[in-house]
Amino acid sequence: MLTATLWGWPVAGSPHAVVRPFVAPADAYAAGHRGVDLFAAADAEVRAPADGVVRFSGWVVDRPVLTIDHGDGVVSSVEPVESDLAAGDVVSRGQTVGRVTSDASHCVETCLHLGVRVDGAYVSPLLFLGGQPRAVLLPP
């Protein structure tokens, strides 16, 4: 699932502030937080975390979403992001793909929501960003 190369963070800043962590749902329809919310100012540049092809760029319910297919079953989505890109556009890691819009419906303050799916299942984006160590089983 993971490659040797970590993804780039989609917004500038260091350290990157995770304002709401990933919370895995118990099943496909259960409650959870299917991504991480990163602190981002309104109008901040959003960059592609890895090479890929835009799968979707447009509105979902009440906010603009951009989805990138990275191959091997890995897909990332960022919101709320306004973008001039269209489905089929090729993007490179670090390329500006849009700008954060101010949207108070998801975060108390402006943020960027980053979600990642592997073969359709949501996983923590921090696995790809290097912000979450791999689980290791220890002897009892």
TODO: Work out the charge dipole of the stretch 34-128 with +1 on the Cβ of Lys and Arg and -1 on the Cβ of Asp and Glu about the Cα centre, then indicate which of Ala48, Val75, Gly98 is farthest towards its positive end.
DONE: Val75
Task: Charge dipole of the chain about the Cα centre (unit charges at C-beta), most positive-ward option of Pro25, Gly58, Leu85 - done: Pro25
Open item on the list: Which of Pro125, Pro80, Pro25 ends up with the largest GNM mean-square fluctuation for the chain, with Cα atoms connected below 10 Å?
Closed with: Pro25
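Please work out the Kirkwood hydrodynamic radius for the stretch 34-128, using every pair of different C-alpha atoms, and report it in angstroms with one decimal place. Before the final figure, lay out each step's value.
Working: mean 1/r = 0.0764 Å⁻¹.
Taking the inverse mean of 1/r over all distinct Cα pairs, the stretch 34-128 comes out at 13.1 Å.
Using just the helices of the chain, give the 222 nm mean residue ellipticity in deg cm²/dmol: DSSP H runs with n ≥ 4 each add -39,500 (n - 2.57), and the total is spread over all residues, rounded to 500.
Numbers: 1 runs with 4 residues, N = 140.
So the calculated ellipticity at 222 nm is -500 deg cm²/dmol.
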Open item on the list: Using a Förster radius of 25 Å, what is the FRET efficiency between Ala24 and Ser102 based on their Cβ-Cβ separation? Nearest 0.05, please.
Closed with: 0.30
Open item on the list: 7 Å from Cα along Cα→Cβ at both Val118 and Ala42: what's the point-to-point distance in nm?
Closed with: 3.7 nm
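Taken together, the values in this text are just the output of simple stated rules run on the coordinates, not laboratory data. If you're wondering where the values come from, they're calculated on a predicted model, not measured in any experiment. Neighbour counts are summed over all protein chains in view; Cβ atoms, including those assigned to glycine, are modelled from backbone coordinates with ideal geometry.
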